[in-house]
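Participant: After the structure tokens below, expect a handful of questions from me.
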Amino acid sequence: MEWTRLMVLDLAPGEVYAHTSGECEWIVLPLSGGCQVRCRALPKPASPACEARGPGQSPGNGPEVFQLHGRTGMFSGTTDFVYLPRDADAEILSAAGGRFALAGARCETRLPARYGPAADVPVELRGAGHCSRQVNNFAAAGPDGFDCDRLIAVEVLTPGGNWSSYPPHKHDEHHPGEESRLEEIYYFEIAPHGDTPGLGYQRVTPSPAGETDILTEVRTGDAVLIPDGWHGPSMAAPGHDMYYLNVMAGPGATREWLIRDHPDHGWIRSSWDGQDVDPRLPFSRTEDHR
């Protein structure tokens, strides 16, 4: 992928992961468990980094230190997170162990390292009926979103048996005010039923701008790369709630998420009028860390 990046870390108790940002900005997002993140900006003449301070940061001239409470799992609530700028070194330490996603995007501007509180993550319910899903807009684009240079990232939680990323849509061409050019990564985790592992399905169909054509079974730990194409639906098997992390970035001068619905399926949106949102939503909002 040219613009988007993704890493998923499984850290044992006490394990430390050393990370170099390079030419990318990153968000450290706990999937399960908590961690400490230490960030030190590397010398760069263009602009200073790691100067602004916020909740969870340490004083002094040393590395910025952020404590992430995290969460027990993706369906248990939103989580706090940390933004790491480009041209920085970081260490991620999990005292009790856990799984952590690093969502990244190639970028030009170095912004300050920052803490994002779980309680500030906007939670949105989209669709209705069997197309109901929940979106945790922790790094969505827009004037009220978390500030990044190019990275756009959200979490989508879909109750078992529902379709999300529907109607199929695309964002692989630049049309000012109508569509933005964005690559996308889907990272999946599927809830089991007892001892039975979960599964789901992801569809991507070719668009005028590309040839990506995918119909694949997805299980926990799988990622689907979408450089172009109409993507959707993401299908959660009955009895298995579906989680996916969306990571997006592109070459546009403006960080924005503008999509086009597939012309054969966009009508489905009007069918939601008068339907109720799935009563299984929302999933838990946040965990109490007091």
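Participant: What do you get for Rg/Rh of region 183-250 when both radii come from the Cα atoms and Rh is the Kirkwood radius?
Facilitator: 1.02
Participant: Additional query: For Pro197, what is the net charge nearby, where nearby means another residue's Cβ is under 15 Å from its Cβ and Lys, Arg count +1, Asp, Glu -1?
Facilitator: Within the 15 Å Cβ shell, the charges total -4.
Participant: From the backbone phi of region 118-131, what are the Karplus-calculated ³J(HN,Hα) couplings (6.51 cos²θ - 1.76 cosθ + 1.60, θ = phi - 60°) in whole Hz, Gly and Pro given as x?
Facilitator: My calculation for region 118-131 gives 4, 5, 8, 6, x, 10, 10, 9, 10, x, 7, x, 7, 9 Hz in order.
Participant: Further question: Taking only protein heavy atoms and a 1.4 Å probe, what accessible area per residue, in Å², does the chain have with all protein chains in place?
Facilitator: 43 Å²
Participant: What ratio of Cα Rg to 2.2 N^0.38 Å holds for region 217-290?
Facilitator: 1.45
Participant: Same structure again: Please state the relative contact order of region 131-290 as a whole percent: Cα pairs under 8 Å, 6+ residues apart?
Facilitator: Value for region 131-290: 32 percent.
Participant: Counting other Cβ atoms within 10 Å, keep those with at most 16, restrict to DSSP loop, and tell me which GluC sites (Glu not before Pro) in region 123-177 are left.
Facilitator: Answer by residue number: Glu173.
Participant: How much of the accessible area of the chain, in percent, comes from carbon and sulfur atoms when a 1.4 Å probe is used?
Facilitator: Solvent-exposed carbon and sulfur of the chain make up 52 percent of the total.
Participant: I need two numbers for region 123-253: Rg to one decimal and Dmax as a whole number, Cα atoms only, in Å.
Facilitator: According to the Cα coordinates of region 123-253, Rg and Dmax are 14.7, 49 Å.
Participant: Per the Cauchy relation, a quarter of the hull surface: what is the mean projected area of the convex hull of the alpha carbons in the chain, in nm²?
Facilitator: The number I arrive at for the chain is 15.6 nm².
Participant: Counting only other residues whose beta carbon sits under 11 Å from that of Ala249, what net charge do I get with K and R as +1, D and E as -1?
Facilitator: Its environment carries a net charge of 0.
Participant: Oh, and also: If you take every residue apart from Leu31 with its C-beta less than 9 Å away from the C-beta of Leu31, what net charge results, scoring Lys and Arg +1 and Asp and Glu -1?
Facilitator: Taking every other residue near Leu31 into account, the sum is +1.
The values are calculated or read from the model by the stated rules, or taken from the named source; none is laboratory data. It should be emphasised that the depicted structure is a prediction, and the values quoted were computed from it without experimental measurement. Neighbour counts run over all protein chains shown; Cβ positions are idealised from the backbone, glycine included. Protein only, heavy atoms only, side chains kept; ligands, DNA and RNA dropped before computing areas. Shrake-Rupley method; radii C 1.70, N 1.55, O 1.52, S 1.80 Å.
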